[in-house]
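Everything below concerns the one structure shown next.
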Amino acid sequence: MLTKDRIAHYLYLFVTTLIIVAPALYNRYPLVYFDSGAYMEMAASLEPSFHRAIGYPLLMRIFGLMVSNWPIVLLQSLLLNMLLFRVCVSLFERTARVKHFVSVVVLVFGTSMGWYAGQLMPDIFTLILVIATLSLLLETVFNWKMIMVYSLIIFISSITHLSHIPLLLLAILSIIVLKKHLGFNFFRMRLITLGATLLASVLFTCSYNAAYGHGFRLSLATNVFLTANIAEMGFLKLYLDENCPDAPEELCAIKDNIPKETGGFLWAGDGPVQISGPDWPGLNERWSGVVSDFLLKPRYLKWFLFGSVKSTIQQMFQIELGSGLQYTYGEGSPPSWPMQTHFKQELNEYYTSIQNKNADHLPLPFFKAVNYITLFLAMLLLGWALLSGHLSQRMVTILIVITIFYFFNAAITGVLANVYERLQCRLLPLYPMLALWVWFEVWHLVWPKSSVPD
């Protein structure tokens, strides 16, 4: 039976979810990115892509029923909201709701969180994956019901983007190595839950690809993306100069005119991938030798390791808010075609949204500035708390966990994809989030005479 308190709680979660999705509501339609159309097409066909995960299209199909794109952004905002609330309950108990509300408002209007939550892209699930893992580790109520809920959320998050499975794997391994310094209760059962969920995600993704005749494997284009990034690092031409004509023919043909960036290499009409047509599996097979040489031969491995370190560090500082949202995706744009084909009911909403009428009318410059200010203040506060010894053990634990995810996200995306702000800024809210929670713990040291309860 629903009590007044429970009804009030559900109403509170509904209102705070709307706050999280505020950028999309302001836009009058979910925000779109260049790749949003590809996910809509996959939602219609349910066929695996050579370079995109199937999880996000499945969610679009299940919750939107190929009628509306609003349910998926509401779902991802609700999941994020609930997880933030559970962490606040674990940390602050009696004052959890107040501190959760402040956290939501600051993170939505002071960081990139709302812009990702209201966007038709799976990137918000990277943040959901991190906070779900953190919440699982901090959870004070740990029973079979909670295990199932967290497992489902982490499973869903893991299958929405190809970077999430290796990200979760590396995070789990790092947490195991550092377990003596983390101090979680019932640590073994929580790690088993994470490990079992990761395994389920791997089996699902591989089985889905195999069911469509692509083999039992996670990715169908790893070698293509690695080769493209090797080209962006500046190494591919040097390699081809030394190995042509024995290297792949299509690469040798352009060795003196290789696109300098991954985007041009993969998507430009005159780039080696697009020239080859839809033959991603063939390219992935033919270019495997190039990748093997860079991973196994000392001469090229040395180049690749230096390039990987530089790419990881560069990716960690890609903090620009609003990547891809500064463009108008009107008629003839990639997202417009699946809208016309599969989401006709919302076509007017799509075309008359602020973004697609005139993207310059989105207040991105203002929020970019606010994002930098928020990050600056967060780093000041965290640095002060750490150096002055005011960072409690549980906050140190959270700092370690989010830094593990932040670093490995940079390493995986910077090396396996490319250095690009969209792929790193999705986790940037983690540090302002932690800074807020640290402030909730230590503010009374700054104003000791205040009578506000902890």
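Counted as qualifying within the range 390-447 are the helices (runs of 4 or more DSSP H) with 1 or more residues that are over 22 Å from GLN314 (Cβ atoms) and touching a residue at least 24 places away in the same chain (Cβ under 8 Å), namely 393-416, 430-446. Would you say TYR327 is within 27 Å of VAL108 (Cβ to Cβ) and assigned to a loop (DSSP other than H, G, I, E, B)? So TYR327 passes the test. Every test in (1) assigned by TED's automatic domain parsing to the domain that holds LEU25; (2) surrounded by 17 or more Cβ atoms within 10 Å (Cβ to Cβ) is passed by ASN348 save one, and that test is (2).
Suppose we keep only residues that are aromatic (Phe, Trp, Tyr) and in contact with a Ser or Thr (Cβ under 9 Å, 6 or more places away or on another chain) within the range 63-108. Which one would you say is farthest from THR126 (Cα to Cα)?
Step one: of the range 63-108, the residues aromatic (Phe, Trp, Tyr) are 63, 70, 85, 92, 101.
Right, trim to in contact with a Ser or Thr (Cβ under 9 Å, 6 or more places away or on another chain) and you get 85, 101.
Numbers: PHE85: 18, PHE101: 22 Å.
Step by step, filter the range 63-108, then rank; the result is PHE101.
Within the range 234-244, the residues that satisfy the criterion of being over 25 Å from SER49 (Cβ atoms) and of a type outside the set (Phe, Trp, Tyr) are GLY234, LYS237, LEU238, LEU240, ASP241, GLU242, ASN243, CYS244. As a summary of the residue check, LEU83 satisfies the conditions (1) in contact with a helix residue (DSSP H, G or I) (Cβ under 8 Å, 6 or more places away or on another chain); (2) modelled with pLDDT under 95; (3) in a helix (DSSP H, G or I) except for the one numbered (2).
Inspection of the range 87-107 identifies no residue that is touching a helix residue (DSSP H, G or I) at 6+ places or on another chain (Cβ under 9 Å), assigned by TED's automatic domain parsing to the domain that holds ALA210, in a helix (DSSP H, G or I) and within 30 Å of GLN345 (Cβ to Cβ).
Does the range 285-308 include one or more residues that are surrounded by fewer than 16 Cβ atoms within 10 Å (Cβ to Cβ), under 26 Å from the mean Cα position of the chain (by Cα) and assigned to a loop (DSSP other than H, G, I, E, B)?
Looking for residues that are surrounded by fewer than 16 Cβ atoms within 10 Å (Cβ to Cβ), under 26 Å from the mean Cα position of the chain (by Cα) and assigned to a loop (DSSP other than H, G, I, E, B), one finds none in the range 285-308, hence no.
Report whether or not ILE62 is in a helix (DSSP H, G or I), in contact (Cβ under 8 Å) with a residue 12 or more places away in the chain and among the aliphatic types (A, V, I, L, M).
On the way: in a helix (DSSP H, G or I): yes; in contact (Cβ under 8 Å) with a residue 12 or more places away in the chain: no; among the aliphatic types (A, V, I, L, M): yes.
It is false that ILE62 is in a helix (DSSP H, G or I), in contact (Cβ under 8 Å) with a residue 12 or more places away in the chain and among the aliphatic types (A, V, I, L, M).
Scan the range 357-372 for residues that are at pLDDT 95 or above and of a type in the set (S, T, N, Q) and jot them down. ASN371, the sole residue that qualifies. Looking only at the range 361-383, decide whether some residue is buried (at least 18 other Cβ atoms within 10 Å of the Cβ), small (Gly, Ala, Ser) and over 30 Å from LEU194 (Cα atoms). No, the range 361-383 contains no residue that is buried (at least 18 other Cβ atoms within 10 Å of the Cβ), small (Gly, Ala, Ser) and over 30 Å from LEU194 (Cα atoms). Looking at the range 13-52, which of its residues are in a loop (DSSP other than H, G, I, E, B), modelled with pLDDT of 95 or more and crowded, with 17+ Cβ neighbours inside 10 Å? If the condition is that a residue be in a loop (DSSP other than H, G, I, E, B), modelled with pLDDT of 95 or more and crowded, with 17+ Cβ neighbours inside 10 Å, then VAL21, TYR29, PRO30, VAL32, TYR33 are the ones that fit.
The values are calculated or read from the model by the stated rules, or taken from the named source; none is laboratory data. Quick caveat, the model's predicted, so the values are computed rather than measured. Every residue, glycine as well, gets a Cβ built from its backbone with ideal geometry; the counts of neighbours run over all protein chains shown.
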